[in-house]
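The values are calculated or read from the model by the stated rules, or taken from the named source; none is laboratory data. Keep in mind that this is a model prediction, so the values were computed, not measured. Positions of Cβ are backbone-derived with ideal geometry, glycine not excepted, and every protein chain shown enters the neighbour counts.
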Amino acid sequence: MHLLLSLSIAMAEEAPAAPIPAGQGRITGVVLDSDQKPVAGAEVRVIGGVDISVTGPDGRYTLDLPPGDYVLDPTAVGLDPYEYPDARVVEGKPTEVTVRMVGLGKGNVAVVEVYPPETVGAITAALEERKESASVAEVMGQEQMVKSGDSTAAAALTRATGLTIVDGRFAYVRGMGDRYSATLLNGSGLPSPEPEKRVVPLDLFPTAIIDTMTVQKSFSPDMPAEFGGGMVDVRTRRMPVAPLFSLQLNGTWRGGVTLEEGNVGPAGPTDFLGFGQDFRQLPDEVASASSEGVLKPAGRFSEGGYTKEDLVAFGEALPEHWQWDTKEIPPNFGLSTSAGRRWSLGSLDLGGLVGLVYDNSWDLDEGWRNVYSVDGEELVLKKTTTYTETSNNVRLGGGVTLGAEWTGGQYVQSTTLVSHSGSAKAATWLSDDAAGDDDTQNYRTGWVERQLFYEQVGAHLILGPVVTDARYAYSVAEGQEPDQREWTYNVIDGAEFLATGGSWNEVRYISLVDSAHDGRLDLSLPFLAFGGEQKVAIGGQVVQRDRAASTRRYEYDFVGLDGFDLESPIAEVVTAENIGPADDADAGYLEFIENTGSTDDYSANQQIFAGYAMAELQPLRRLRTLLGARVESSTQAVETAELFSTDTEATVKAELSTIDVLPAATFTVGLGPEDEPDMVQLRAGYGRTVSRPELRELSVAAFYDYRSQRLLFGNPDLQRATIENVDVRLEWYPADGESLSVGGFFKYLDHPIESVVAVSAVSGSAGTFANATSAVVAGGELDVRKGMTFLPGAAQYLYVAANGALIHSEVDLSDTEGDQTSDTRPLQGQSPWVVNAQLGWDHEPTGTSVSFLYNVFGPRITDVGSSGIPDTWEEPVHRLDLLASQELGRAFKVRVKATNLLDWPSRSTTGDQVAEESYDGWSVGAALSWAPPP
Amino acid sequence: MRVSLFLALPLALFACDSGKETGDTADSGDTSDTGDTSDTGTEAFCTDPTPCVDYNGACELSGTYTEDLCLTADKAWLLRGAVTIGDDAATTTLRIEPGTTVYGESAQTSFLAIARHSKIYAEGTAEKPIVFTSDQLDGSRGRGDWGGLALNGLARINGCEDGMDPCVAEAEGGVGQYGGDDDADSSGSIKYVRIEFGGIEISEDNEINGFGLAGVGSGTTVDYVQIHAQNDDCIEFWGGTVSVKHIVCSLPGDDGIDWDFGWTGNFQYGVVLQDGLAGNNGIEADNNEAAHAATPLSNPTLSNITLWGDSSIADSNYGVMLRRGTAGHLANVAVGGFSKACLAIRDQQTYDNFADTAAIDHTVIGCGAAYETGDEDKETMQEEDIFEAEASNQQVADLMLTSASTTSPNLLPKTGSPLLGAGATPSGSFFESADFVGAFGTEDWMAGWTAFPAN
C-alpha cells in the first residue's frame, strides 16, 4: 500500500539502532493501523518537541529525549491517531510505546479538522470517526456506499440513522424537512441549484469522487449557525497513496420502464451529453427585445413599442418545438473512471486525483392524484389527475483534486468539482373533472439543466504551536429550464380539442444562478494539562451569497377560430403560417404575446460574518468536554421588481438582519473498562442554532410555483427562528466493526417558519409563509452493527446492521392566520419513525459479498389541508434491495444490484380517501469494474 | 399576519407635476381653472380637478393614491400599471365626470382598484357614459388588452373557516385585500359605465376580471354597467352584499355572471350575450370550492336575466351552473342557445339548497339540452326534479328574441314570445315590478349607452 513512501524512507531507516545519547532516554515502538498492521511513513513526535521520527516498512519509530513525561503526537497520511499515548522517558533506557492509528478522523483530541484521507474509507474507520467525534455524527465511508451499491450520494445516505431521502434526492435529517437541513462540501457551504429549496440535491454527487459523507446532528461552534436537523458534510477524495486507476461500466434494466413506450418531446443533438440549452435557446432577437421589457403591442399613447408585424416576427422566431412522439425506452447505462497518484520529493508529497462519471438513465413516472372538497361532513371527489412523465436524465461529472503534503501532516490542496446534468421531460396530465365535464389533457415538454461548479482551496498548517486551517470556496450553482412548453386539450366525449381560452399554451424560459464566496479560518492551540491534551480554538467565517432568478413566459392566443381544426396535433396548429394577424380579415389566427410578469425576476443576497471560540478539554481521563459559543450576524435581502409598476427600476425590497449568540456544550464520558474507557461512551450535548427564511420567502411579490402548482407569496415580516437542541447518546464499541448506540434528542423551535395556506380568492391554491408560535421535535434513535464471528465456517462472515428512529413533532399554528385545517400537527414532511436494516455476507476468502437492505419510513404530511379539508399523508413505503459482488482475479469485480424488489406503492391519503398512488418499479443492474493493482 | 401586495407609494403624481401643470392648464384653460383660484363656476364637475401628468398626450395615472382625485372628461386618462385608490385604511375618493374615457395601457398589466375604505363615484349618463377601454387603436383592440375595474369592500365574505374574524382575503389578480364585517359598507356609485377589452390572466387560475366586486357592501350603487369583450368573467362577486341593476355582459371570455365566497346581494335586469370565439357559463355560481358549507353562504336573488349562449362553443357551456354549495333565488330568467345545457346543478349541498325552497321560478329555458347529463351527475340530483317541481317554469323550443347579433343586438322578445307576461316580481323593495321573463319587456334599456365593437 504505502509503496512510494516506504521507498523514500527506507534508506534512512537502514542503519541498526543507534545507542541512546548520554543524558537522554528513548521512546520506541510500532505504529499500527486499525487492522493491526504496521504503518509506514508515519511521523511521530512528542507534543512540544521538535524531533520527528518517520516509520519504515516495519512501522517502527524511535525518539531520543531528555527524561520526563511526554505525550506522543503521531501523524500519518490518511490516518488519524486513535489516541495520544503517555510516555515516561527514563535516562538511558528505552521505553516501548505502541501507537494506534485509525482511518479517518474529525474532532480528535489534538487536530482541529482532518481532511478526507486518500484511502478508500472503511467501515471500521467510519465507526472510529463516530467514536472520536465530539459531536453526534453519522459517517458513511465509501466502502459502505459501495457495499450498498448506491451510485449516488442520496442513495447511500438512505442507510444512515434517522435519515430520510425524499424524491431520491433530498436528505432530511431526522425527517425535519429541507428547511432544517444543510449541505457542506469539504466544510464549505454549497448553494442549491433548485429555487425555493435549501437542500442541495445529492444526486449532483457521484460516489466515485466522494470519500465520506458525515451527517452531523449536534451543533458545535465551528459550524454554520443555520443548523436544524443536521448538516450533511460531503468530503471529496484527495491524493491516493499508491497510483490508482479504475474503470467501471454499468447497465440497468428497469421493470415497467425499459422497453416500455415513453413520450419524448423535441430532442437536441447534444442532449445525450447533458447539454441541451443551445438547441432550446430563446432566439437572440426575441431575447434582446424581451430584455427591454414585456413584448406588447404599442398603444395609442405609447412611446415606441412594437407593431403587430414585429410581434408576428417574434412569434415566428421561436422554434416550432411542439413535437410529441413516443419511443421505446432503452436500458440505463453509465461509465466512470478515476485515476490518481502521488509523487514524493523528499519530505514533500505532491499528488492528485481525477474522476469522471457519465450516466444516462430513463424514468417513467406514472400515477394518479385525487383532489377533494368538503360537502357537509363528507369529502367529495373534485377531480382525478392521471399523469405519466417520461424523463431521460444525463449526468456528466468530473472532479480534480491537487495537493501537496509535508511534515506534520501539513498540506495545501485544491478541490475542483463540476457536476452537470440535463434532463429531458415529457409529461401528460389527464384531468378528469368528477363534478362535471371540464376534462382536460395537458401536455408538457421541457429540459432541466443543472450545473454546479465548485472550487475550494485549503491549507492545514502548523505554525509554531498553532494548528491553522484556512479555506476559501467559490461556487456557482445554476438551474436552467429553457423552452418549457405546456399546452392543453379539452376532452369531450373521448375526443381531444385544443383548448382555446385563457392560457391554453405557454413557452417558458427559467433561469436561476446562485453564487457564493465562503472563507473561513480556524486556529487551534493544543496543550498539555491534567495529564491529557487539551485544545482551545478560535475561528471566523465570512460568506457572501448572491442569487439572480428570471423567468420569461410567452403564449400563442387564438384570435378567431375560422380555418382551424382543433382536433389536430398542436404542431400543425402553432405554425409560422398561422401566426398573425392574417391577411384575410375573416380568418382566425394566433397572436404571439408575452406573459412575463414583473415579479418573475428577482435578485437576492446574503452576508454572514461569524466568529467562535471553543475549548475541547479532557479534565479527567474519562471525561471529554467541548464548550464554546459562536456569534453570527446575517443580512438577507431580496429585491423583486414591483408588481404592475410602470417604473421598471422600481423594486420591492425585503431585508432581515440578525445577530445571534449561539452557545454549545458537549460532554463525553468514557464508561468502558480501565484499559479502554472509550469502548462505552455516554454523550450529552446542548446547542442553540437558528433557522432563517429562504431568500425567496422574504419577497412580497406573488409568484406562481410551477412545481407545487400554487400561487405563492413571501412574507417580509418573517423572523428567523431559534432552536434549542439537546442530544443524549450511549454508545458501545465491543469490537472493531461492531457498535451499539442508543440516543435521544429534543428540540424546541421558537417561531419556526412554516408554509401556510392563504385565504385567497384564488381558491385553495395560494400559499405563503409565517412564523408559527412554536414547535417541538423529540425522539429516540437506535443503531446496531454486529458481526457473526462466533459462528462456524463461512457463516462467520455474516453481519447485521440496523438502525431506527422514533420522532415526535408538533407545531402550534393557533396564533397564525391562514385557512389551514389543522392548528396543531406534525411538521410537514416529518415521519414519526424511520427504519433501516441490512443483512450481509462478506466472504473475504473468495471475494464474495451479498447483502439485503431494507428501508421504511412512517406516515408523513405531504400537503397541508385548508378550508376543512384534512391534511394529506403519505403512507409508509417498504423497500428491499439485494446487492451482490464477486471479485474476478485481482483487477476485476462484478456487481449485481436488484432494487425495490417489493415494488411497494407510494400512496397518499386525504382523510379516509386515497389521494395519490404511484409505483416506482423494480430494477436489476450489473456493473463491471477494472482496477489494476498498482 | 397578512401580506399586502402594495406598498403605499409616495404621491409621485403630485410631487413632480408642478413643472407640467402650466402647460396642461393652458391646454384646458377655457374649461376649468386650477383648483386654487377663485373659480366658483357652478358648471365645473370638479372643484379640484386632478392635474394632468402628461404621457404622450394622455394624462397618466399610476401607483397608489391617498388624496382625492377628480377626472374631467376633457382629458384622455391613461391607467399605467396598477392604479389603486386608497391605502386600505383611510378613505380616498375618486370622482369621474360623465363622458370621460379612461384607457388601460396594454404594455403594462393595468387596472383600477378601489381599496377598502375608499370610494369611486363614476356616474355617467345615458348620453355621456364613462368608458374604460384598451389603449390600442380602434380595430386593434382585443380581449385582455388590460385588466379591469376592481372594487374591494368591507362586507362579510367566507373562506376563513379557522379563526380569522372578520374574514379578510387576498383578491384574485393581486389587486388588494377584501372582506370585513360591515355589510352596509359603500364603495361609492357606478352608473352608465362601459368596461371594454379587459381581463388579464396574472397566473394560472388567477385573473383580473372585467368588473370585480370583492366584499363590496350594500351601500354601493351599481346600475347600467356594460362589460364587453373580456378575457375572463364579465362580473364576478366574491362575497359581499352589493346589489346591482341593468348589467350587460357582451362577448365574455369566460363566464358571464360569477359569484363565490358568500355573495348575498340582489340583481335585476341582466344580459349575458356570447359570441362563438370564447365563453363558458352564463351564470357560474359557487359558495366555496373547498368547503361547500362555508358561511356566510352565497345566497343572492336574481330576477329578469337573459342568458344567450353561442352553441358553437363546445367547451363546457351551460346557461346556469349552480355548484359548490351555493344557495340563491333565480326568478324570471330566460336561458337559450347554450351548447351543453340550460341548467346544471352540482354537489349535494347545492342541490339541497335549491330543493328545499322554490328557488327557481318563472324561468324559461330553451337550449338543445335542458339539463346537464354529465356522466358523473348523481341520480339523486336531477335538475328536472327542481326545475319541473315549480309550475311557473317552462321549457320552450324558442325564446323568440328579436336579434342576438353580437354587433347590434336587440334582445327584446318578439310578439308572441313565451317570455312576455310570464313573469312575477320577487318580493323586496329592490325589485321593480315587471311581468316579463328575461331582461326586457317592451323597453330596451340597453339602447343608447352601450356599444358592441368587435375590436
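Is region A:860-868 home to any residue that is within 22 Å of residue A:799 (Cβ to Cβ), aliphatic (A, V, I, L, M) and part of a strand (DSSP E or B)? Checked region A:860-868: no residue is within 22 Å of residue A:799 (Cβ to Cβ), aliphatic (A, V, I, L, M) and part of a strand (DSSP E or B).
Take the conditions (1) farther than 30 Å from residue A:908 by Cα; (2) assigned to a strand (DSSP E or B); residue A:322 misses just one of them, which is (2). Residue count for region B:103-122 under the criterion of being within 14 Å of chain A (Cβ to nearest Cβ) and either surrounded by fewer than 24 Cβ atoms within 10 Å (Cβ to Cβ) or at positive phi (or both): the result is 0. Among the numbered conditions (1) more than 30 Å from residue A:321 (Cα to Cα); (2) among the hydroxyl-bearing types (Ser, Thr, Tyr); (3) touching a strand residue (DSSP E or B) at 6+ places or on another chain (Cβ under 6 Å), the only one that residue A:358 does not meet is (1).
Quick check on region A:822-859: of everything there that is among the aliphatic types (A, V, I, L, M) and in a strand (DSSP E or B), which residue is nearest to residue A:891 (Cα to Cα)? Within region A:822-859, the match that is nearest to residue A:891 (Cα to Cα) is A:850.
Here's a check for you: in region A:325-351, which residue that is outside any strand (DSSP E or B) and more than 27 Å from residue A:267 (Cβ to Cβ) is farthest from the chain's Cα centre (by Cα)? Ranking the candidates gives A:346 first. With the structure loaded, tell me whether residue A:518 is among the acidic types (Asp, Glu), away from chain B (no Cβ under 14 Å), surrounded by 17 or more Cβ atoms within 10 Å (Cβ to Cβ) and within 30 Å of residue A:463 (Cβ to Cβ) or whether it fails that test. When the stated conditions are applied, residue A:518 passes them. When the residues of region B:189-215 are filtered to those that are surrounded by fewer than 23 Cβ atoms within 10 Å (Cβ to Cβ) and at pLDDT 90 or above, the one that is farthest from the other protein chains (Cβ to nearest Cβ) is B:191.
Within the span defined as region B:51-74, every residue fails to be at negative phi, in contact with a Ser or Thr (Cβ under 6 Å, 6 or more places away or on another chain), within 14 Å of another protein chain (Cβ to nearest Cβ) and of a type in the set (D, E, K, R). Listed by position, the strands (runs of 3 or more DSSP E) inside region B:283-346 whose residues that are farther than 24 Å from residue A:378 by Cβ and away from chain A (no Cβ under 14 Å) number at least 3 are B:301-308, B:329-336.
Scan region A:197-242 for residues that are at pLDDT 80 or above and either under 15 Å from residue A:355 (Cβ atoms) or hydrophobic (A, V, I, L, M, F, W, C) (or both) and report the count. Of the residues in region A:197-242, 4 are at pLDDT 80 or above and either under 15 Å from residue A:355 (Cβ atoms) or hydrophobic (A, V, I, L, M, F, W, C) (or both). Residue selection: residue B:181 satisfies the criterion of being touching a Pro at 6+ places or on another chain (Cβ under 6 Å), closer than 23 Å to residue B:160 by Cα and either away from chain A (no Cβ under 14 Å) or modelled with pLDDT of 95 or more (or both). When the strands (runs of 3 or more DSSP E) confined to region B:57-173 are screened for residues that are in contact with a helix residue (DSSP H, G or I) (Cβ under 6 Å, 6 or more places away or on another chain) and within 19 Å of residue B:185 (Cα to Cα), none reaches at least 3 such residues. Screening residue B:222 with (1) within 11 Å of another protein chain (Cβ to nearest Cβ); (2) free of Cβ contacts under 8 Å to residues at least 40 places away in the same chain gives one miss only, at (1).
Of the residues B:454, B:439, B:422, B:369, which single one is out of contact with any strand residue (DSSP E or B) (no Cβ under 8 Å at 6 or more places or on another chain) and assigned to a loop (DSSP other than H, G, I, E, B)?
Within the list B:454, B:439, B:422, B:369, the selection yields B:454.
Put simply, of A:918, A:885 the only residue that is crowded, with 17+ Cβ neighbours inside 10 Å and among the small types (Gly, Ala, Ser) is A:885. Of the candidates A:508, A:485, the single residue that is within 14 Å of chain B (Cβ to nearest Cβ), among the charged types (D, E, K, R) and farther than 30 Å from residue A:663 by Cα is A:508. Taken over region A:254-286, the criterion of being over 18 Å from residue A:446 (Cα atoms) and either modelled with pLDDT of 95 or more or among the basic types (Lys, Arg) (or both) is satisfied by A:254 alone.
Only one of the numbered conditions (1) closer than 28 Å to residue B:141 by Cα; (2) part of a strand (DSSP E or B) is violated by residue B:267, and that is (1).
Pairs linking a residue in region A:793-809 that is farther than 13 Å from residue A:853 by Cβ to a residue that is of a type in the set (Phe, Trp, Tyr), with Cβ atoms under 8 Å and 6 or more positions apart or on different chains, are A:794/A:841; A:796/A:790; A:797/A:841; A:798/A:841; A:804/A:833; A:805/A:833; A:806/A:833; A:807/A:833.
Would you check if residue A:470 is among the aliphatic types (A, V, I, L, M) and within 14 Å of chain B (Cβ to nearest Cβ)? It would help to see each step written out before you state the result.
On the way: among the aliphatic types (A, V, I, L, M): yes; within 14 Å of chain B (Cβ to nearest Cβ): no.
It is false that residue A:470 is among the aliphatic types (A, V, I, L, M) and within 14 Å of chain B (Cβ to nearest Cβ).
For region A:287-315, the candidate set comprises residues that are facing chain B (nearest Cβ under 7 Å) and at pLDDT 85 or above; within that set, the residue that is surrounded by the fewest Cβ atoms within 10 Å (Cβ to Cβ) is A:300.
Of everything listed in (1) among the hydroxyl-bearing types (Ser, Thr, Tyr); (2) more than 8 Å from chain A (Cβ to nearest Cβ); (3) free of Cβ contacts under 8 Å to residues at least 60 places away in the same chain; (4) farther than 28 Å from residue B:168 by Cβ, the single unmet condition for residue B:125 is (3). Among the residues making up region A:366-422, those that are farther than 30 Å from residue A:330 by Cβ, away from chain B (no Cβ under 14 Å) and of a type outside the set (A, V, I, L, M, F, W, C) are A:401, A:403, A:405, A:407, A:408, A:409, A:410, A:411, A:413, A:414, A:415, A:416.
Checked against (1) over 30 Å from residue B:241 (Cβ atoms); (2) more than 8 Å from chain A (Cβ to nearest Cβ), residue B:84 meets all criteria but (1).
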